[in-house]
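Some notes on the structure that comes next.
Readers should treat all values here as calculations from the given coordinates under stated rules, not as data from a laboratory. Keep in mind the model is a prediction, meaning the values are calculated, not measured. Glycine gets a Cβ as well: all are built from the backbone with ideal geometry, and neighbour counts include every protein chain shown.
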């Protein structure tokens, strides 16, 4: 208990004391996971809605693949991205390995099926008669889809929350492709692993405390959005 | 003057002829009934007229404009709006927002304008809200404006469906079984609302099973059976037509 209390105290001191290294780690975590989440939203929400609303051969198979992708183990994604980006790999020429770009890529791959899959199931759950009714009221196909997404907004926001939760707390992939390099690719989760291994428990607890608080604040913000009505 | 003209409309599905050489005119300002036993082709008429299903042959004109083969939203934007059998609403929105959604499909609000929430955008939003409240008041739903649509009783949900349709400013409303499944009290109320809608200048084509409602509301009635028109005229004429009586008795139904 003494360790824990000290950790929290240490956490507050590190945050409000303006410890440069801690701030760098926190900001890098937000930058990497934020960009990854943004990318997965921009691609996953429209694609999920499209799969939910259209009919084509192989749709069932695709949906099964998306749902499988929601459970991708981060270390497997890490391995895949590592092999892609390693010097002899197909994308080795980018020189992204052990940079924040590699971490964003890996996290975007983890979040993308989560956002797409949960959007898909949310839009699929809407009354199927709603779309023809909207079109009969004069909605263009694009307007109809956007309006359906509004009706499914609760589910879409859950999709975004799940995507964020899946990556901000993820350690396996960022460790493998980022390398936990101090001042360059060290994020909150990899720092927690390192500090714990070195026996710096209070530092690790401080970072955990910060990580939890950030996740909590982000979730609160998203839930506020969910509760707000259209007007 | 005929607002909607259907000429020689034929629709085949494979070997099955759902509609055969149908001619139909809906006079502006009237309530026109389209009735017939199950499988007579009533819903096919609605689907073809609103562009959901292309006709095999024939021409549909609306307000002197050929609309055959136009896409559903294009037809709707000309003022020909259809409501579906089941009330289809946004359950997660309030009653007012449901009507506002209907309005938004036609308002000229740009994305950037909405994002920046400019004064001109705020003005337009306020005007839309006023208009939608007006529609709810017109249909006696103003007391429920802030309730969630999912929580409305069945009769009110159907009235809300009518309100959403009115928000898109139709000239001709195609009502698909608006009173089916309602109790007598709800039916009477809905009939009164439909009358009210006609009084503000909206022409109505009514597809309905409930004979009492059809006979009570319509100025003229077209009767279909097996995809063909078998009778047309005033409610009185149709009610006494032996062909119509036979068609209904033949399938176990009853005409009036």
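For chain B, find the longest principal axis of its Cα atoms and tell me its angle to the long axis of helix B:119-138, 0 to 90°, nearest 10.
40
Between region A:39-59 and region A:74-146, what is the separation of their alpha carbon centroids in Å?
After rounding, the separation between the Cα centres reads 9 Å.
Once the principal axes of the Cα atoms of chain A are found, what is the range along each, listed largest first in whole angstroms?
Principal extents (largest minus smallest coordinate, Cα): 64, 47, 26 Å.
Taking a quarter of the surface of the convex hull around the Cα atoms of region B:171-240, what do you get in nm²?
Across all orientations, region B:171-240 yields a mean hull projection of 5.0 nm².
Please arrange A:26, A:32 by how many other C-beta atoms lie within 10 Å of their C-beta, fewest to most. Before the final figure, lay out each step's value.
On the way: A:26 20, A:32 25.
Going from least to most buried by this count: A:26, A:32.
If you build a Gaussian network model of chain B, linking Cα atoms that sit under 10 Å apart, which residue out of B:161, B:58, B:36 swings the most?
Looking only at B:161, B:58, B:36, the biggest GNM fluctuation is shown by B:58.
Classify region B:1-148 as rounded, prolate or oblate, taking a ≥ b ≥ c as the square roots of the eigenvalues of its Cα gyration tensor: rounded when a/c is under 1.5, otherwise prolate if a/b is larger than b/c and oblate if not. Please list the in-between numbers first.
Working: a/c = 2.37, a/b = 1.97, b/c = 1.20.
Judged from the Cα gyration tensor, region B:1-148 comes out prolate (a/c at least 1.5, a/b above b/c).
Could you state, as a whole-number percent, how many of the C-alpha pairs of the protein assembly as shown are farther apart than 33 Å? Let's see the in-between values first.
Details: 62784 of 118341 pairs.
The share of Cα pairs beyond 33 Å in the protein assembly as shown comes to 53 percent.
Measure off 7 Å from each Cα along the Cα-to-Cβ vector at residue A:224 and residue A:13, then give the distance between these two points in nanometres to one decimal.
3.2
Consider just the alpha-carbon atoms of region B:37-101 and return their Rg together with their Dmax, both in angstrom.
14.5, 43
In whole Å, what is the distance between the alpha-carbon centres of region A:158-231 and region B:176-221?
The distance from the Cα centre of region A:158-231 to that of region B:176-221 comes to 59 Å.
Rank these for me by crowding, A:114, A:220, B:3, going from fewest to most other beta carbons within 10 Å.
A:220, B:3, A:114
Among A:158, A:193, A:177, which one shows the highest mean-square fluctuation when chain A is modelled as a Gaussian network with alpha-carbon springs under 10 Å?
In the Gaussian network model the winner is A:193.
Just rank B:1, B:191, fewest to most, by other beta-carbon atoms within 10 angstrom.
Numbers: B:1 8, B:191 19.
Fewest to most other Cβ atoms nearby, the residues stand as B:1, B:191.
Could you work out the relative contact order of chain B, using alpha carbon pairs under 8 angstrom and six or more residues apart, expressed as a whole percent? Before the final figure, lay out each step's value.
Working: 451 pairs, mean separation 67.6, N = 256.
Computed over chain B, the figure is 26 percent.
D for region A:114-158, whole µm²/s, Stokes-Einstein with Kirkwood Rh over alpha-carbon pairs at 4 °C and 1.567 mPa s: what number?
122
If I histogram all Cα-Cα distances within region A:82-177 using bins 5 Å wide from 0, what percent of pairs lands in each bin?
Percent of pairs per bin, in order: 3, 13, 17, 14, 12, 11, 9, 9, 7, 5, 1, 0.
With runs of 4+ DSSP H residues as the only contributors, calculate the mean residue ellipticity of chain A at 222 nm using -39,500 (n - 2.57) per run, divided by the residue total and rounded to the nearest 500.
The helix-only estimate for chain A comes to -25000 deg cm²/dmol at 222 nm.
Which one of A:65, A:35, A:104 has the biggest mean-square fluctuation once chain A is modelled by GNM with Cα springs under 10 Å?
Answer for the Gaussian network model of chain A: A:65.
Relative contact order for region B:1-129: what percent, with Cα pairs under 8 Å and sequence separation of 6 or more?
On the way: 141 pairs, mean separation 25.4, N = 129.
Relative contact order of region B:1-129: 20 percent.
What are the extents of the Cα atoms of chain B along their three principal axes, listed from largest to smallest and rounded to whole Å?
On the principal axes, chain B reaches 62, 39, 34 Å in Cα extent.
Compute the angle between helix A:2-16 and the longest alpha-carbon principal axis of chain A, please, reported from 0 to 90 degrees and rounded to the nearest 10.
The two axes meet at around 70 degrees.
Find the relative contact order for region A:2-230 and round it to a whole percent, using C-alpha pairs within less than 8 Å whose residues are 6+ positions apart.
Details: 294 pairs, mean separation 72.1, N = 229.
Rounded, it is 31 percent for region A:2-230.
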